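J.: Below are the structure tokens for one structure; questions will follow.
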Amino acid sequence: MNLFASPAVPEQEFSTGQNLSSLLLLVALAAICLGIAAIAPGLAIVLAVLAVPALIRTSGILGRRQQRGVMSNFVEKILLFVGSFGVILVIVVSVVITFFAICFGGGLGTLSVFEFLGKSNFTDPGLAILFGFVVGIAASLWVLIKLARRLWPYRED
């Protein structure tokens, strides 16, 4: 008995095709991000921030599928990633729109209330800005949670 020999790997756990296509997907994503970084570095940062959750979700789905013995080809992996990226994009755009709309409305509403109460010499709008910011963050978090649960449910694919 050789104590220094590596353990035998079961046949179904080691799939070169699966690992190679997953690596190819990662390399393609990195190449796209680096290509965009050469042209517009700010856009590449936004793309990378949006792509990371989509890549994590795609890896999780593919890992669960592989545990059940279902193999996915390269096209299915790309479609899973693009679908996840689209969901992330919809959620982020909705949260940003909600934040700005509620923050702006909350700030202006607070200033209007101060004017209505007769504090027309209210020269420091810091309280109104703070109130609008806090309400905007709260509304954005609510939209994020609702959309994430609705558009990105946890399920075994």
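J.: Considering only residues that are under 20 Å from ALA30 (Cα atoms), surrounded by 13 or more Cβ atoms within 10 Å (Cβ to Cβ) and not charged (D, E, K, R), which ones fall in the range 62-78?
T.: Answer for the range 62-78, where residues must be under 20 Å from ALA30 (Cα atoms), surrounded by 13 or more Cβ atoms within 10 Å (Cβ to Cβ) and not charged (D, E, K, R): LEU62, PHE74, ILE78.
J.: Any residue at all in the range 19-27 that's modelled with pLDDT under 90 and within 27 Å of VAL95 (Cβ to Cβ)?
T.: yes
J.: For the structure I just gave you, tell me whether VAL70 is free of Cβ contacts under 8 Å to residues at least 12 places away in the same chain, more than 30 Å from PHE131 (Cβ to Cβ) and either in a helix (DSSP H, G or I) or not hydroxyl-bearing (Ser, Thr, Tyr) (or both).
T.: On the way: free of Cβ contacts under 8 Å to residues at least 12 places away in the same chain: yes; more than 30 Å from PHE131 (Cβ to Cβ): yes; either in a helix (DSSP H, G or I) or not hydroxyl-bearing (Ser, Thr, Tyr) (or both): yes.
So VAL70 fits the description; yes.
J.: Taking the conditions exactly as written (modelled with pLDDT of 80 or more, surrounded by 11 or more Cβ atoms within 10 Å (Cβ to Cβ) and in contact with a helix residue (DSSP H, G or I) (Cβ under 8 Å, 6 or more places away or on another chain)), does VAL46 satisfy them or not?
T.: It is false that VAL46 is modelled with pLDDT of 80 or more, surrounded by 11 or more Cβ atoms within 10 Å (Cβ to Cβ) and in contact with a helix residue (DSSP H, G or I) (Cβ under 8 Å, 6 or more places away or on another chain).
J.: Find all pairs meeting these conditions: Cβ atoms under 7 angstrom apart; at least six residues apart or on different chains; first residue within the range 34-48 and over 15 Å from PHE85 (Cβ atoms); second residue part of a helix (DSSP H, G or I) and not basic (Lys, Arg).
T.: Here the result reads ALA37/ALA44, each pair linking the range 34-48 to a residue that is part of a helix (DSSP H, G or I) and not basic (Lys, Arg).
The values are calculated or read from the model by the stated rules, or taken from the named source; none is laboratory data. Note that this is a predicted model, so its numbers are computed, not measured. For neighbour counting, all protein chains shown are included, and Cβ atoms are generated from backbone atoms with ideal geometry for every residue, glycine included.
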